[in-house]
Structure formats: C-alpha cells, structure tokens
1. What do you reckon, is Ser161 part of a helix (DSSP H, G or I), hydroxyl-bearing (Ser, Thr, Tyr), buried (at least 20 other Cβ atoms within 10 Å of the Cβ) and touching a Phe, Trp or Tyr at 6+ places or on another chain (Cβ under 8 Å)?
2. Output the residues belonging to region 313-329 that are part of a helix (DSSP H, G or I) and closer than 23 Å to Asp118 by Cβ.
3. In the set Ser161, Ser172, Ser196, Ser212, which member is in contact with a Lys or Arg (Cβ under 7 Å, 6 or more places away or on another chain) and either at pLDDT below 90 or under 25 Å from Gln52 (Cα atoms) (or both)?
4. Looking only at region 182-237, count every residue that is assigned to a loop (DSSP other than H, G, I, E, B) and either aliphatic (A, V, I, L, M) or open to solvent by less than 70 Å² (accessible area, probe 1.4 Å) (or both) and tell me the total.
5. Without any contact (Cβ under 8 Å) to a residue 60 or more places away in the chain and in a loop (DSSP other than H, G, I, E, B): which single residue out of Thr265, Thr244 fits that description?
6. Condition check: in a helix (DSSP H, G or I) and of a type in the set (Gly, Ala, Ser). Does Gly82 satisfy that?
7. Give the residue that is nearest to the chain's Cα centre (by Cα), with candidates limited to residues of region 105-145 that are over 28 Å from Met286 (Cβ atoms) and of a type in the set (Ser, Thr, Tyr).
8. Return the pair list, or none, for Cβ contacts closer than 9 Å from residues in region 32-51 that are touching a residue at least 60 places away in the same chain (Cβ under 8 Å) to residues that are assigned to a strand (DSSP E or B) and open to solvent by 50 Å² or more (accessible area, probe 1.4 Å), at least 6 apart or on different chains.
Amino acid sequence: MAISARFAAGAMALGLVVGVGIGVSQIALAQDYPVRPLRLVVMFTPGSSADQHGRHIAVRLTEQLGQSVVVENKAGAGGLIGIKDVLRAQPLGYSLLLSNPALIGNSLVYKDAGYKPDEFAPIGVMGQAYYGLMINTAVPARNVAELVAYAKANPGKLAYSGLGAGAGSTLSAERFKEAAGLDILGVPFKGGDPASAALLANQVQLYFATLSTVKVRMKSPQIRVLGVTAVQRSAVIPDVPTFTELGYPTVLGSNWNAVFVPVVTPVPMVRRLREAWTKASATEQMKAMVESSGYEPYSGTLEQFMAGVREETVQLARDYKRMNVPMLE
C-alpha cells in the first residue's frame, strides 16, 4: 500500500474524515481491547541495552493491560527490518515497536525504506540519553586530542563500531570524523553486544555507545572513555568531558527510546495503550530502570516529541547530504 493510501486509511480509522466521531463499535473496541497477547518488537539483538529496556517495558505493560506483552527481536539493517515488520503487522494494535532515532535515520539512508517517521504514532517515551566515545586501550591515546593526532598519522588504520547507517551512534562517529578531518572506517553490527565485543577484541578501535553501555563497559581494562556527545557533562560519567568542551561543538548526538504503533491504529486502541504507558511509567520499577540506564525522563507531551522527530528528520537529512552519506539499497 502506498504511503498516501496508508495515511488515508489511517484517517478513516481515526475518525478524521468528514468529521466522523467515535461510534458505538469503537467504544466497544476500547472496552474490550486487548483481547490477545501483544508483541513488542525490538530492533536489535537479544542482550543489547534496547533488548533489556524492551523486556522491562513489556513486564510493566503486561501488568497494566491484562494481556501478555512478548518481546520479539527483529535485528538487521540497522533496525529497518523491525520497523517494517511492525508497519505491516496485522491485526492493528497488537504489534508495538520499541525504537530510537534509527526510526528517522533509516528513512533517510535507504533508497527504498518504504516508510516515513510520521507513519508511526508514539505510545510513550522512555527517556533521552547521550553517547560516549569508547576506544580500545591498544590505541595509544588518553584523550581526544591524542586520538585525533594518532588517527591523522595513521589514516585508514582505525575503525569504529556502527549500528547501521541510520543509527545515532553511527551519526555521532561520522560527525566526529567530519569535525576532526579523520579517515576512519565504519563497521556495521546488528546490536550493542556484538559492537562492544568487537571493540573489546580490538577488531574495531572506537565505538560511540549509549551511556548505559559505556557505564558497564568502561570497567574493562581494555576500554577507555574519551568524550560525551552532550552540551553539558552527564551525571552518569561526570568526569568525562563533552566534545563541546574539547573544541568539537558539532559532535552532538542523543538517543531516545520510545514505543510506537502504526499511525493507522484506531484511536481507542492508541488511547488504551497510552493510558497503560502512563501508569507503567509511574511505577517505581520503571523509574529505577530509566535512571539506572543513564536516561533522563521525558517530561514533554507526545505532540512535542513528534514535533521534535520532524525537526530531527530535517536536520539529519541536511547532515547526511553535507557528509555525502551514501544511500543504501
């Protein structure tokens, strides 16, 4: 189904065409839903931080919905496989997507992504975090200045772990390459665990990882953390400087986690899911999970969040064009 047709179908389902309201059948739908288990599709591999977040969220939503919410890992193509799986899934309302900014990036870097971010409606936002640059200690650099000097003296010798061309970690690495004028190879992985493993084994030498991953991995003697992609230092690793402090103000990157359904999902279902999310996110267990993961709780409205997604889409399109990021088949 073409995008325009899907939007038309969604408008009909949401009662937005010719002023149609929510009728008796939709009220009944809201009362009965959900009548079967739901899927929460995670775009990355089992064991990744996204997977861990997804499994925690699934437990909390199960408690609120009275039906099991089961995590399914659909890794590959930087998250595109999972995104398209949920977009096509039937029946509506029973497949949820746990996504991050790859929802935006993949729509821009694939020639035939087959979707736009606006084709998804948010159920709730877990929070926002930033990336930290980890390097293998085999690289003779104790700070960003020494890393830049070494990389320039050894063009093409270093490589970084990426999570797909549309992922925020990859974009952070490419912004660093551009800002510092470096020749570093990007190597794609299906999730944070294999990306971290490659760094530990010195198969790659750099990895821009979420701070929840950095917090765990920095305990290893093979890992050194050099910088954070935030304007201000993070409370998670306060001793690590920001790239802005270090003279690279364009090396910024944030990572949010949010749960979505296709925008064509009927309003009563969306309302029920959002109510469940609101109650789940207020639990002490969810608050503790968000804090321990290095995320900052999201305090805005879902409308503000989607406005931010649209702004980020425009900005990323400019970044990709400027950096000549190749389109993927």
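The values are calculated or read from the model by the stated rules, or taken from the named source; none is laboratory data. None of these values were measured; they are calculated from a predicted model. Neighbour counts are summed over all protein chains in view; Cβ atoms, including those assigned to glycine, are modelled from backbone coordinates with ideal geometry. These area figures cover heavy atoms from the full protein model, side chains too; ligands, DNA and RNA do not enter into them. Shrake-Rupley method; radii C 1.70, N 1.55, O 1.52, S 1.80 Å.
1. Against the criterion (part of a helix (DSSP H, G or I), hydroxyl-bearing (Ser, Thr, Tyr), buried (at least 20 other Cβ atoms within 10 Å of the Cβ) and touching a Phe, Trp or Tyr at 6+ places or on another chain (Cβ under 8 Å)), Ser161 does not qualify.
2. Those that are part of a helix (DSSP H, G or I) and closer than 23 Å to Asp118 by Cβ: Thr313, Val314, Gln315, Leu316, Ala317, Arg318, Asp319, Tyr320, Lys321.
3. Ser196
4. Number of matching residues: 17.
5. Thr244
6. Yes: the conditions hold for Gly82.
7. The selected residue is Ser107.
8. The qualifying pairs are Leu40/Val70; Leu40/Glu72.
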